[in-house]
1. Would you mind checking region 80-123 for residues with the amide N under 11 Å from a putative spin-label position 7 Å along Cα→C-beta of LEU198?
2. Could you give P(r) for region 49-166, binned at 5 Å from zero, as whole percent values over all Cα-Cα pairs?
3. Using a Förster radius of 25 Å, what is the FRET efficiency between LYS220 and VAL178 based on their Cβ-Cβ separation? Nearest 0.05, please.
4. When the dipole is taken about the Cα centre of region 123-221, and only Lys, Arg (+1) and Asp, Glu (-1) are charged at their Cβ, what size is it in debye, to the nearest 20?
5. Rounded, prolate or oblate for region 162-221? Axes are the square roots of the Cα gyration tensor eigenvalues, ordered a ≥ b ≥ c, and the cut-off for rounded is a/c under 1.5.
Amino acid sequence: MRAPTALTAAALATASALLLTACGGSGGSSGKSGTIDGAQTTAPSAPATPSASAPPTATGPDLTLPADLKLEFAWTAPSDHAKAVALADAAHFVQSIAHGVVKRNANDPGLTTYSRDAALTYGKFHVKNHLTHGWTLTGTNRFYRPQIRVAADGQTAEVAFCNDQTKMYGREVKTGKVLYTQPSDKDLSYYSVIMTKLPTSPELWQAKSIDVKGKATQCKQ
């Protein structure tokens, strides 16, 4: 199965404008390895032992997945607190989409907790697409090589990472049939998620917009 890339053009435009405004700049970056004036950048983390799910939260909604579905986040938490929380909640956002799919609920509490605006629309679109086709998920979905840029005001961050869905598949809910696919570049995606700190809860960051690039050959391992 592959992550849907619909809605991403508008999401990317929103993300770029939001981060540039928060950073107090008007120019763009020079490329994928460039920086934005006023933003703090964290380089990709060194390889880490993947975790089976996003880091748990003390008070957040349940994001537990069934035994046959694993989300691996192959990274270590940054030492900077803001970056660590933004990265963790970006993982929670991703896992909330999978949780919504397996629970057959486009209004899953995890989605409404960890996303808003365009990101929430994207998450609901993904869940509803699976509901429409009668699919759920099975296998292993791997996320790795995170990059984090925090705006100068500390209220906004861009969290980017690679995704490999080679070992994740759809499964028909009624029959239990697994929809196996042959590995290809279509299994690789590059995510860019704009996270914003919730004013009423400094320890909660929400995904505001998301851009997913398909056939991301730069993510080959």
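1. 110-116
2. With 5 Å bins starting at 0, P(r) equals 2, 12, 21, 23, 23, 12, 5, 2, 0.
3. Working: r = 25 Å, r/R0 = 0.99.
Efficiency computed from Cβ-Cβ geometry: 0.50.
4. Details: 15 positive and 8 negative charges, 69 e Å.
Approximately 320 debye in magnitude.
5. On the way: a/c = 3.80, a/b = 1.62, b/c = 2.34.
Since a/c reaches 1.5 but b/c is at least a/b, the shape of region 162-221 is classed as oblate.
A short reminder: the numbers here are calculations on the coordinates, not readings from a lab. Because the structure is predicted, anything quoted here is derived from the model rather than measured. Every residue, glycine among them, receives a Cβ derived from its backbone with ideal geometry; neighbour counts consider all protein chains shown.
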